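What follows is calculated from the coordinates using simple rules that are stated; it is not laboratory data. Note that this is a predicted model, so its numbers are computed, not measured. Glycine also receives a Cβ, built like all others from the backbone with ideal geometry; neighbour counts cover every protein chain displayed.
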Amino acid sequence: MHIFDRLGVRRIINARSFSTKNGGAALPPEVVEAMRQASECSVRISDLQEAASAVIAEATGAEAGMVASGASAALTLGAAGIMARLDVNRMNRLPDTSGMPHEFIVHRCHRNDYDHALRVAGAKFVEVGYHYHTFPYEVEAAIGERTAGLFYQAGVDTGVVPLEEFAAIAHRHHLPVIVDAAAELPPPGNLKAFTAAGADLVAFSGGKHLRGPQASGILAGRRDLVFSAALQHQDMDVFPETWPYRKLIEDGRIAGPPHHGIGRGFKAGKEEIAGLLTAVLLYGQRDFERERRRWMEDLECVLAGVRDLAGVSARIVFPQPSGRQVPAAHIQVEDAHAVINLLQEGEPPICCSEKLAAHGTVVILPEALGPGEAAVISRRLREILAGRSAGMQ
């Protein structure tokens, strides 16, 4: 019996992309096998993270990298690394930032609910510009003695200072830039683009287009900042005399091993690390054009069931308004919220994007769909929409 059947949990059709609340997408067999192998033995996590750093550095063009329990965790750890550096007393105090630089300059239009990840570490945002435009001089003028770094939300490009110029301003003041690129794959070139543009730290989700474990993420960037983040993430139940990094104490680079840091609750297990690294290695071998064709075929299948219905307008949008290189089916109906609820309440439940429901649009995203699921969505949509149309006559 399937584990979800045993637990009495219904499996769903996930037409909401790699959404965490809907469990993401099915993992490639190679990723599952890597996680199985990792589960059968023990390793020192610090050794595994050092191996992960080499793989991530190669894939992203950064100096170093680490695996965290998600992109949000990577942002918290990255902010902590920027604020604490290798000062163990600061590490031990976070999120108490009194007496240390803790402000992050951000475009006003780059604020969103996900940036709570940085505030968890004790960061405070200083907003610059307006929602429609920011001048470079506004970024420069906001820098002060309390500035720890600059934050950039990838994927929001209208009216902002481009990342290259944003990073150049930061670097003139010897400040790092951290980028939230959680959902910026595809295109695959973005894996290296933000580092190439000058970012000092970049956070990616492991459970989205990389197709790694859902509870995994990448922090890539400068070696010193990644190392600080790693120290605030590991189990630090260690003693100076036997600590694997004790040479850092001897060299005077660090006063001693820190206590459990701000990121202790964001730990990644050996299974997640092995799975994500396998997904990263596979990423360079994937046929992205073939994936896009399959997505388009699935969406065409969905729309074929509703295009002839009276009062329904259906189309495929590509790329998305944000520029993201993923197609989406937009189905315009009279009451999108009601349709979405009926999809969710059926058997099997079908979960789709609600982001445009207030405008009467049901959005179907294809990345997490399995074989044959597009046909099920098409049939269910037709039943719902045809039934509602008949009921109104």
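Grab the DSSP H runs of the chain that are 4 residues or longer, score each as -39,500 (n - 2.57), total them, divide by all residues and round the 222 nm result to the nearest 500 deg cm²/dmol.
Roughly -12000 deg cm²/dmol at 222 nm, from the helical runs in the chain.
Among GLY206, GLY269, GLY99, determine the one that fluctuates most according to a GNM of the chain built with springs between C-alpha atoms less than 10 Å apart.
GLY99
What is the Cα coordinate range of region 42-283 on the first, second and third principal axes, sorted by size from largest, in whole angstrom?
On the principal axes, region 42-283 reaches 53, 43, 27 Å in Cα extent.
If you find the alpha carbon centre of region 313-356 and of region 1-72, how far apart are they in angstrom?
About 27 Å separates the Cα centre of region 313-356 from the one of region 1-72.
Roughly speaking, what is the stretch gain from PHE318 to ASP113, that is 0.36 nm per residue apart minus the C-alpha to C-alpha distance, in nm to one decimal?
71.2 nm
Taking the Cα centre of region 57-213 as origin, work out the dipole magnitude from +1 charges on Lys and Arg Cβ and -1 charges on Asp and Glu Cβ, in debye rounded to 20.
That gives a dipole near 360 debye.
Which one, ALA374, VAL43, ALA220, is farthest towards the positive end of the dipole of the chain when Lys and Arg carry +1 and Asp and Glu -1 on their Cβ?
Positive-most Cα among the choices belongs to ALA374.
Pick from THR134, THR60, THR147: which is most flexible by mean-square fluctuation in a GNM of the chain where alpha carbon atoms under 10 Å apart are linked?
With Cα springs under 10 Å in the chain, the top fluctuation among THR134, THR60, THR147 is at THR134.
Rounding to the nearest 20 debye, state how big the charge dipole of the chain is about its Cα centre with +1 on each Lys and Arg Cβ and -1 on each Asp and Glu Cβ.
Working: 40 positive and 46 negative charges, 90 e Å.
In debye, rounded to 20, the chain gives about 440.
What FRET efficiency comes out for HIS359 versus ALA255 if R0 is 45 angstrom and r is the Cβ-Cβ distance? Round to the nearest 0.05. Spell out each step's value before the answer.
Values: r = 56 Å, r/R0 = 1.24.
Working from the Cβ atoms, E equals 0.20.
For ASN341 and ALA26 in one chain, what is 0.36 nm times their gap in residues minus the Cα-Cα distance, to one decimal in nm?
Contour length minus the Cα-Cα distance gives 111.0 nm.
If I model a spin label at ARG146 and ASP96 as a point 7 Å from the Cα along the Cα→Cβ vector, what separation in nanometres do I get?
Output for this residue pair reads 1.8 nm.
Mark the label point 7 Å from the Cα of ALA196 along Cα→Cβ and return the residues of region 59-97 whose backbone N is within less than 11 Å of it.
Residues 61 fall inside that zone.
Can you tell which of GLY81, MET296, HIS131 lies farthest toward the positive end of the dipole of the chain, using +1 and -1 charges on the Cβ of basic and acidic side chains (Lys, Arg; Asp, Glu)?
It is MET296, whose Cα lies furthest towards the positive end.
For the charge dipole of the chain, defined by +1 on Lys and Arg C-beta atoms and -1 on Asp and Glu C-beta atoms about the Cα centroid, which residue among ALA148, VAL160, GLY23 has the Cα displaced farthest towards the positive pole?
Farthest towards the positive end: GLY23.
By how many nm would the segment from ASP235 to GLU33 lengthen if fully extended, with 0.36 nm per residue of separation less the alpha-carbon distance? Walk me through the numbers before you get to the answer.
Working: separation 202, 0.36 × 202 = 72.72 nm, distance 2.61 nm.
Once the chain is fully extended between ASP235 and GLU33, it gains 70.1 nm.
Mind telling me which of ASP251, ASP180, ASP96 comes out most flexible in a GNM of the chain, alpha-carbon contacts under 10 Å?
ASP251
Determine which lysines satisfy two conditions relative to LYS247: a Cα distance under 18 Å, and not lying fewer than 8 residues away in the same chain.
List returned: none.
Between ASP224 and ARG290, what is the FRET efficiency for a Förster distance of 35 Å, r being their Cβ-Cβ separation, to the nearest 0.05?
E between ASP224 and ARG290, to the nearest 0.05, is 0.30.
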